[in-house]
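**Student:** Handing you a structure now.
The values are calculated or read from the model by the stated rules, or taken from the named source; none is laboratory data. Everything quoted here is computed from the prediction, not taken from an experiment. Positions of Cβ are generated from backbone atoms using ideal geometry, with glycine treated the same way; all protein chains shown enter the neighbour counts.
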C-alpha cells in the first residue's frame with residue numbers, strides 16, 4: 001500500500017471517530033470552559049473540525065507563513081456548523097492527499113512566522129504530525145470536556161465508560 005493510500009485510509013477511519021465525538025457536543029454548552037485559560041467547548045470543537053483542512057491545504061504549498069498573532073478560534077453558534085466544518089475539512093484533506101500523492105508527500109514544507117523559519121519537514125510529516133496527531137490530541141481533550149459536563153463519551157480506540165461496542169447485548 002502506498003503512503004498516500006495508507007494516510008487516506010487512516011483519515012477516513014479517524015474522521016468517523018472524530019465526527020462521533022463532535023456529535024456529542026451539547027449545543028447549550030458551546031461557551032463553557034473548564035478553566036479561564038482553556039478554549040471554550042465550542043472553540044475547541046471548531047478547532048478540531050477546521051484545522052485538518054486548513055493545514056492540508058497548506059501542504060499543497062512548499063511554505064506557509066503564519067504572519068503574526070494567531071487570531072484564535074471563533075465561537076461557533078451551532079453544533080451543525082461544527083459538523084459541517086468537519087465534513088468539509090475532511091473532504092479537503094482527502095483532496096489534498098490525492099493531489100500530493102506519494103511523490104508530493106516526500107517534498108519539504110516550511111512553516112514561518114513573519115518570514116522567520118519555525119520548522120521544515122517532509123509534507124508526509126506535516127500530514128502526520130499536524131493534520132492527524134494534533135487533532136487526535138485535541139479530540140482527547142474534547143472527550144475530557146464531555147466527561148466534565150457529564151455527557152456520555154463515545155468509544156474512541158476502545159470502550160469508554162459510556163459506550164462499549166464490544167459488549168454483548170443482553171435481552
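**Student:** So is residue 101 surrounded by fewer than 17 Cβ atoms within 10 Å (Cβ to Cβ), at pLDDT 95 or above and under 14 Å from residue 3 (Cβ atoms) or not?
**Tutor:** On the way: surrounded by fewer than 17 Cβ atoms within 10 Å (Cβ to Cβ): yes; at pLDDT 95 or above: yes; under 14 Å from residue 3 (Cβ atoms): yes.
Judged against the criteria, residue 101 is a match.
**Student:** Is it the case that residue 93 is in contact with a helix residue (DSSP H, G or I) (Cβ under 9 Å, 6 or more places away or on another chain), surrounded by 14 or more Cβ atoms within 10 Å (Cβ to Cβ), touching a residue at least 40 places away in the same chain (Cβ under 8 Å) and more than 13 Å from residue 4 (Cα to Cα)?
**Tutor:** On the way: in contact with a helix residue (DSSP H, G or I) (Cβ under 9 Å, 6 or more places away or on another chain): yes; surrounded by 14 or more Cβ atoms within 10 Å (Cβ to Cβ): yes; touching a residue at least 40 places away in the same chain (Cβ under 8 Å): yes; more than 13 Å from residue 4 (Cα to Cα): no.
The answer is no for residue 93.
**Student:** Considering (1) under 20 Å from the mean Cα position of the chain (by Cα); (2) assigned to a loop (DSSP other than H, G, I, E, B); (3) exposed (fewer than 12 other Cβ atoms within 10 Å of the Cβ), say which one residue 9 fails and leave the rest.
**Tutor:** The failed condition is (2).
**Student:** Quick one: residue 16 ticks every box in (1) in contact with a helix residue (DSSP H, G or I) (Cβ under 6 Å, 6 or more places away or on another chain); (2) without any contact (Cβ under 8 Å) to a residue 12 or more places away in the chain bar one, so which box is it?
**Tutor:** (1)
**Student:** Right, here's the next one. Suppose we filter segment 18-28 for residues that are surrounded by fewer than 16 Cβ atoms within 10 Å (Cβ to Cβ) and either assigned to a helix (DSSP H, G or I) or modelled with pLDDT under 95 (or both); how many remain?
**Tutor:** 4
**Student:** Considering each residue of segment 56-90, count those that are touching a helix residue (DSSP H, G or I) at 6+ places or on another chain (Cβ under 7 Å) and touching a residue at least 40 places away in the same chain (Cβ under 8 Å), and give that number.
**Tutor:** Initial filter on segment 56-90 (touching a helix residue (DSSP H, G or I) at 6+ places or on another chain (Cβ under 7 Å)): 56-57, 59-60, 64, 73-76, 78-79, 82-83, 85-86, 88-90.
From the residues that got through so far, the ones that are touching a residue at least 40 places away in the same chain (Cβ under 8 Å) too are 56, 59-60, 64, 75-76, 78-79, 82-83, 86, 89-90.
The qualifying residues number 13.
**Student:** Condition first: in contact with a helix residue (DSSP H, G or I) (Cβ under 6 Å, 6 or more places away or on another chain), surrounded by fewer than 18 Cβ atoms within 10 Å (Cβ to Cβ) and at pLDDT 95 or above. Can you find one or more residues in segment 32-55 that meet it?
**Tutor:** yes
**Student:** Would you confirm whether any residue within segment 126-148 is without any contact (Cβ under 8 Å) to a residue 40 or more places away in the chain and more than 27 Å from residue 43 (Cβ to Cβ)?
**Tutor:** There is no residue in segment 126-148 that is without any contact (Cβ under 8 Å) to a residue 40 or more places away in the chain and more than 27 Å from residue 43 (Cβ to Cβ).
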